[in-house]
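Here the structure comes first, spelled out in structure tokens, and everything after it is commentary.
The values are calculated or read from the model by the stated rules, or taken from the named source; none is laboratory data. These numbers were taken from a predicted model, which means no experiment stands behind them. Note: ideal-geometry Cβ built from the backbone for every residue, glycine included; neighbour counts use all protein chains shown. Heads up: the accessible areas ignore ligands, DNA and RNA and are worked out on the full protein's heavy atoms, side chains in. Shrake-Rupley method; radii C 1.70, N 1.55, O 1.52, S 1.80 Å.
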Amino acid sequence: MLSLFATKKYLLYTLPFAKYIPALYPKRLSIFATTKCNLSCFFCRDKDYKGVNFDFENLPKLKRAIKYAKMVDLTGWGEFLTYKNHKEVLKYVCEQNPKRVIMLTSNGTVLTEDIGRLLRGRIKTFVISINAATKETYERDMIGGNFEKTIDAIKSFMAQIDKEDAGAVVASFVAHKNNYLEIPEFVRLANELGIKRVSIGNYLVRKEEDIPLSLFYIQNEYNEAVWEARRVAESLSVDISYRRFGSDKEKNKAPFDCQEPFESCYVEADGRVGVCCYAGSYRLGNAYSEGFENVWFSKEYNKLRKSRYLDACKVCTPFIPFDDKRAHLGSYYKQDGTVVGTK
């Protein structure tokens, strides 16, 4: 059940004048400008997925939410920097909120010196998803990418941002059975690029035929790889984050510890609002057709704040032990609360 603090926090959102309290707006506002991508990576989407762009004219409908956000995430499951109006989006966000609030996740392929200069002094978090340390593995998994060109693009970008920006850049690696051995070398690659933060995530299985690629079936081997990566990181003064097997067996406090319904809001390209990355197909209204405040402060949203009643909340990846099979399944694959295809 909710703690006394959480109960008081929930009650604030039910106040009739809640929308006039800046602190009650999401700290992290994710705006899906595009779900189109110039690469086709098996761990992200099906290769025939086309994606969509949002209508730039809808952006002012999020004006207050942008103004009060601590972080404005412009990723949206696509390559934001390929969206034709990406400069206009960045300009609008920075006009409404001039602090360091920009969050982006990019595959790095289209980074340039110009983009570095454009984002200089604005970066809150910048995740570069590389997922390999060698040309062979990169071009096998990051379909459509060129390893050497991507590395050069990242170097050009890094040369133009300031020191604080650079400290907010994260090199991301989605680990699975066919690439986990490269994790230690990936740390070295990040360091060579001037990136001092590395994040190792586990592949969340999207379909049954990919179950054998899960780290769940190579637990000891993966643990050895991340321990070696940790040693490399320490020698290079690189900050590395990861989960490992056997380290968090007591972890299962979901759903009431989750702050997503209070702190994060995900507005998709068509305006539909998602509550987090792990809620599967669950959506709460449309921020563009209904108005952002009418969704964020709605009775339905408050119901979720009061009681994390979704089946997805019961098996949420960050809140269950890494040793649990369900921690290695994608949200859509397990959204009904069952473990599908893991026998």
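One table, with the values for the structure above:
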| quantity | calculated |
| --- | --- |
| The one condition in (1) open to solvent by 10 Å² or more (accessible area, probe 1.4 Å); (2) modelled with pLDDT of 95 or more that Ile130 fails to fulfil | (1) |
| Among the candidates Val226, Val187, Val205, residue that is crowded, with 17+ Cβ neighbours inside 10 Å and within 24 Å of Met103 (Cα to Cα) | Val187 |
| Members of the stretch 203-236 that are under 17 Å from Ala171 (Cβ atoms) and under 24 Å from the mean Cα position of the chain (by Cα) | Tyr203, Ala225, Val226, Ala229, Arg230, Ala233 |
| Spans of helices (runs of 4 or more DSSP H) in the stretch 162-281 with at least 1 residues modelled with pLDDT under 95 and of a type outside the set (D, E, K, R) | 260-263 |
| Pairs with Cβ under 8 Å, 6+ apart, first in the stretch 111-136 and farther than 18 Å from Phe147 by Cα, second among the charged types (D, E, K, R) and open to solvent by 50 Å² or more (accessible area, probe 1.4 Å) | Leu118/Lys87; Gly121/Arg100; Gly121/Glu164; Arg122/Arg100; Ile123/Arg100; Ile123/Glu164; Lys124/Lys70; Lys124/Arg100 |
| Residues located in the stretch 285-300, provided they are in contact with a Lys or Arg (Cβ under 8 Å, 6 or more places away or on another chain) and part of a loop (DSSP other than H, G, I, E, B) | Gly285, Ala287, Tyr288, Gly291, Phe297 |
| Tally of residues being in a helix (DSSP H, G or I) and either open to solvent by less than 80 Å² (accessible area, probe 1.4 Å) or at pLDDT below 95 (or both) across the stretch 61-76 | 4 |
| Residues of the stretch 29-60 satisfying the condition of being open to solvent by 60 Å² or more (accessible area, probe 1.4 Å) and touching a strand residue (DSSP E or B) at 6+ places or on another chain (Cβ under 9 Å) | Lys36, Asp46, Lys47, Asp48, Tyr49, Val52, Asn53 |
| Selection status of Lys19, of a type in the set (D, E, K, R) and modelled with pLDDT of 95 or more | no |
| Residues of the stretch 142-152 classified as outside any strand (DSSP E or B) and open to solvent by less than 10 Å² (accessible area, probe 1.4 Å), total | 1 |
| Candidate set: the stretch 316-343, residues that are within 12 Å of Ile211 (Cβ to Cβ) and β-branched (Val, Ile, Thr); chosen: the one modelled with the highest pLDDT | Val339 |
| Single match in Gln160, Gln219 (criterion: in contact (Cβ under 8 Å) with a residue 40 or more places away in the chain, farther than 29 Å from Cys316 by Cα and surrounded by fewer than 22 Cβ atoms within 10 Å (Cβ to Cβ)) | Gln160 |
| Candidates Ser3, Ser30, Ser40, filtered to the one that is small (Gly, Ala, Ser) and modelled with pLDDT of 95 or more | Ser30 |
| Yes/no for Glu79 being open to solvent by 80 Å² or more (accessible area, probe 1.4 Å) and either touching a His at 6+ places or on another chain (Cβ under 8 Å) or more than 18 Å from Cys265 (Cα to Cα) (or both) | no |
| Phe173 vs. criteria touching a Phe, Trp or Tyr at 6+ places or on another chain (Cβ under 6 Å) and either crowded, with 18+ Cβ neighbours inside 10 Å or farther than 30 Å from Asp324 by Cβ (or both) | yes |
| Enumeration of residues in the stretch 82-97 that are outside any loop (DSSP other than H, G, I, E, B) and open to solvent by less than 50 Å² (accessible area, probe 1.4 Å) | His86, Val89, Leu90, Tyr92, Val93, Cys94, Gln96 |
| Selection status of Cys44, among the hydrophobic types (A, V, I, L, M, F, W, C), over 24 Å from Leu304 (Cα atoms) and assigned to a loop (DSSP other than H, G, I, E, B) | yes |
| Which numbered condition Arg100 fails, given (1) assigned to a strand (DSSP E or B); (2) open to solvent by 10 Å² or more (accessible area, probe 1.4 Å) | (1) |
